[in-house]
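First up is the structure itself, then whatever we jot down about it.
Any read-out appearing in this document is the output of simple, stated calculations on the displayed coordinates, not a laboratory observation. Quick caveat, the model's predicted, so the values are computed rather than measured. Here Cβ is always computed from backbone atoms with ideal geometry, including for glycine, and neighbour counts include all displayed protein chains.
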Amino acid sequence: MMKRKKNFFDYRDFDLNDNNFMSKINVNSVKDEYEEINLIDIIRIIKDRMVIYYKTDINSIVKPFDYIKKYIPDNYDELSDEEIKELNIPDYKDLNIYMLPYYDDLNHKDIMTLYVKRNIYDKEIRQALFYALRNYDYMDKFYDNLRRYGLFKDYLEYSNYYYEQKIKDWKIKNNIDKN
């Protein structure tokens, strides 16, 4: 039997419910910093291996299965492939549910690095922020340092345009109306 590496991500260990629950916790943990949580604020905190589904008609993070389960009969496991096809279970997109961009697509570290290079001139603060960015789990450390130095809201303003562009790209990719 082959041993798994300690930090290796194995899809068999993935639990979507836990992941979405943790996403909600992350959103709530920064909620106090914002006047109102919006889509930009949600994608701003997406971390590695985080999968978040967003229902566009209610503007909320959701668990897709909660919306699909009403289309699935109790005897689903006993059905043949043909019977399953006849069920006409709607696609997530038919229910206005879309997966938000992946962590790798957001390039958080790039915008954070640019912010420090272009806006921070104090040597101690620059050093603390760049040191945070050198870590594997850099996002929380970076945000904590921004809060410690009173720069969090300044960073939010700086990065808004970048994340707005990511949302526009996501909407175009998924053919989401501009409602």
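Would you mind getting me the FRET efficiency between ASP77 and VAL51? Use the beta-carbon distance for r and R0 = 35 Å, nearest 0.05. Present the calculation step by step, with values, prior to reporting the outcome.
Details: r = 24 Å, r/R0 = 0.70.
About 0.90, to the nearest 0.05.
Relative contact order for the stretch 99-179: what percent, with Cα pairs under 8 Å and sequence separation of 6 or more?
Values: 33 pairs, mean separation 21.8, N = 81.
Relative contact order here is 27 percent.
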> Considering only DSSP states other than H, G, I, E and B, which GluC sites (Glu not before Pro) in the stretch 33-100 qualify as loop sites with at most 11 other Cβ atoms within 10 Å?
Replying inline: GLU35, GLU36
>> Beyond a 31 Å Cα-Cα separation, which of these cross-linked pairs lie in this structure: LYS55/LYS109; LYS47/LYS85; LYS70/LYS166; LYS93/LYS166; LYS123/LYS171?
In response: LYS47/LYS85; LYS70/LYS166; LYS123/LYS171
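Nearest 0.05, what FRET efficiency do TYR103 and ILE58 give at R0 = 35 Å with Cβ-Cβ as r?
On the way: r = 24 Å, r/R0 = 0.69.
The calculated FRET efficiency here is 0.90.
Please get the size of the charge dipole for the stretch 60-179, origin at its Cα centre, with Cβ charges of +1 on Lys and Arg and -1 on Asp and Glu, quoted in debye to the nearest 20.
Working: 20 positive and 23 negative charges, 243 e Å.
I would put it at about 1160 debye.
Neighbouring Cβ atoms within 10 Å as the yardstick, rank SER159, SER80, SER60 fewest first.
On the way: SER159 17, SER80 8, SER60 12.
Taking fewest neighbouring Cβ atoms as first place, the list is SER80, SER60, SER159.
Pull out the extension gain between PHE152 and ASN175, defined as 0.36 nm times the separation in residues minus the alpha carbon to alpha carbon distance; nm, one decimal.
Numbers: separation 23, 0.36 × 23 = 8.28 nm, distance 3.25 nm.
Extra length from PHE152 to ASN175 when fully extended: 5.0 nm.
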> Arranged by the count of other C-beta atoms within 10 angstrom, fewest first, what order do VAL62, VAL51 take?
Replying inline: VAL51, VAL62
>> Over the stretch 63-138, what is the relative contact order in percent, taking alpha-carbon pairs closer than 8 angstrom and at least six residues apart?
In response: 23 percent
>> Can you tell me the length gained on complete extension of the stretch ASP91 to LYS168, counting 0.36 nm per residue apart and subtracting the Cα distance?
In response: 25.5 nm
>> Just to be sure I understand the model, the point goes 7 Å from the Cα along the line to the Cβ. What's the resulting ASN135 to ILE84 distance in nm?
In response: 4.3 nm
> So what is the relative contact order for the stretch 33-179, in percent, with contacts set as C-alpha pairs under 8 Å and at least six apart?
Replying inline: 26 percent
